[in-house]
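Since the structure comes first, as structure tokens, the remarks are kept for the end.
The values are calculated or read from the model by the stated rules, or taken from the named source; none is laboratory data. Computed from a predicted structure; not experimentally measured. Note that each Cβ is placed from the backbone with ideal geometry, even for glycine, and that neighbours are counted across all protein chains shown.
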Amino acid sequence: MKCLDSANFSTVNLNMKFIYDEQPNLSGCGVIRVNDEEEIDQVVKECVKEKVPIIPLGSGTTNFGQLIPNKPSLFVDLSQFNGVIDEDTTSVKVRSGTKVIDILNRLRREGKTLPVYPSSFAISTIGGFIEGGSGGPGSFKYGTHFRVLTREMDLIAYEDLKLSGKEILGVTHAWGTTGVLKEATLNIVDDQDYEMQYVPFSDLESLRKEIEVLFDQKDRVNLVSVYNKEGFTSIFGEQEEKEWILVVSSSKSIGSNLKTDEKLSFATTVRPNSKWFGAKLSLKEINVMKEVKRGVIHGEVMNHFGEPVIFMDVFTRENLKMRENKFNTVKERLLGLDKEVLNEVMELKRRVDPWDIFNPGKL
């Protein structure tokens, strides 16, 4: 393959420091850094022709194992393919390797922001968030980014594709299984003066009632997360005597101000030597959290089709009755998150990649 003669190709192992599982075996894998659209097209077209597996790579901040190869593959590093292409009052068009923080900084100078963006916005790329993320700041108000963030996409698989409307769900949280995302046109919204705050609680019932109050005022609330005190101290470095802490990003005064934010909230709760459990809880089921006697709890409260739902993650050495997270495929991840998106991903995969070249074995 001609693209492998490039100075941008390397067989050096990648450091995927944010994945939950142990470092994967990358023998037989290589990485090629692409700088422009012409290079992306060349690499993808050659790989499709030669049936060489491809895995798109942004900043590598995934926790769910999207980047763990099932077979020797070529990682296509898109981090240098970045920058804002165009912007108007309702949208911004960007290259997939653009850091989310760079997009936010530009928009905020104009009093705008993204409706939903990752907690790891300081290091994540927008392509990685579209393909691998779900919630973060904005999700308490809007829900996942799946239907509110992206307006149009430019994708390359066996050919160039321009997607809009419902079609974009086939790329959303698809882990790169349906092609390489090149550009995306994103919806933008008015920014508010959000402040990171926290409110401690002695019992979960009082915390639940506060979430209900906040949900009725969600137009002024950007983020709501639930922590046990161990998780809270682990992320924010602040000590709290009460067992449960609600962390809120809001334009209204709710509690005590935090000195830091959740830039790496989920990534820094990961405990590689612990078991990772997860649960999707309605507010009526919030007492399930009491089952965890020791460990780190982080729960993101999201607007899930009009209802506040807690997506809870637990890192502990205990054996719990809840499901242990082992997200090996897109299907396993999306079944409990959004079945319509899963159906669209599967349909686009059948259409554009019958050979299973793009992130093979992950759907």
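For the range 155-184, a tally of residues being in a strand (DSSP E or B), out of contact with any Pro (no Cβ under 9 Å at 6 or more places or on another chain), touching a residue at least 24 places away in the same chain (Cβ under 8 Å) and crowded, with 18+ Cβ neighbours inside 10 Å returns 6. Among the residues of the range 103-128, the ones that are buried (at least 24 other Cβ atoms within 10 Å of the Cβ), in a loop (DSSP other than H, G, I, E, B) and of a type in the set (A, V, I, L, M) come to 2 in all. Taken together, the residues in the range 312-324 that are surrounded by fewer than 22 Cβ atoms within 10 Å (Cβ to Cβ) and not charged (D, E, K, R) amount to 4. Taking residues in the range 130-143 that are on the phi > 0 side of the Ramachandran plot and crowded, with 24+ Cβ neighbours inside 10 Å, and partners anywhere that are outside any helix (DSSP H, G or I) and of a type in the set (Ser, Thr, Tyr), the pairs with Cβ atoms closer than 9 Å and at least 6 places apart or on different chains are Gly136/Tyr117; Gly136/Ser119; Gly136/Ser120; Gly138/Thr113; Gly138/Tyr117.
Looking across the range 66-102, the residues that are under 25 Å from Ile32 (Cβ atoms), in contact with a helix residue (DSSP H, G or I) (Cβ under 7 Å, 6 or more places away or on another chain), hydrophobic (A, V, I, L, M, F, W, C) and surrounded by 18 or more Cβ atoms within 10 Å (Cβ to Cβ) come down to Leu74, Val76, Leu78, Phe81, Val94, Val100. Search the range 223-234 for residues that are assigned to a helix (DSSP H, G or I) and pair each with any residue that is aromatic (Phe, Trp, Tyr) when their beta-carbon atoms are under 8 Å apart and the residues are at least 6 apart or on different chains. Within 8 Å, the pairs are Lys229/Trp244; Phe232/Tyr198.
Conditions (1) of a type outside the set (S, T, N, Q); (2) in a helix (DSSP H, G or I); (3) at pLDDT 95 or above; (4) in the same structural domain as Lys112 (by TED's automatic domain parsing), marked per residue:
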{"site": "Leu26", "(1), (2), (3), (4)": "yes, no, no, no"}
{"site": "Glu38", "(1), (2), (3), (4)": "yes, yes, yes, no"}
{"site": "Ile68", "(1), (2), (3), (4)": "yes, no, no, no"}
{"site": "Pro72", "(1), (2), (3), (4)": "yes, no, no, no"}
{"site": "Gly97", "(1), (2), (3), (4)": "yes, no, yes, yes"}
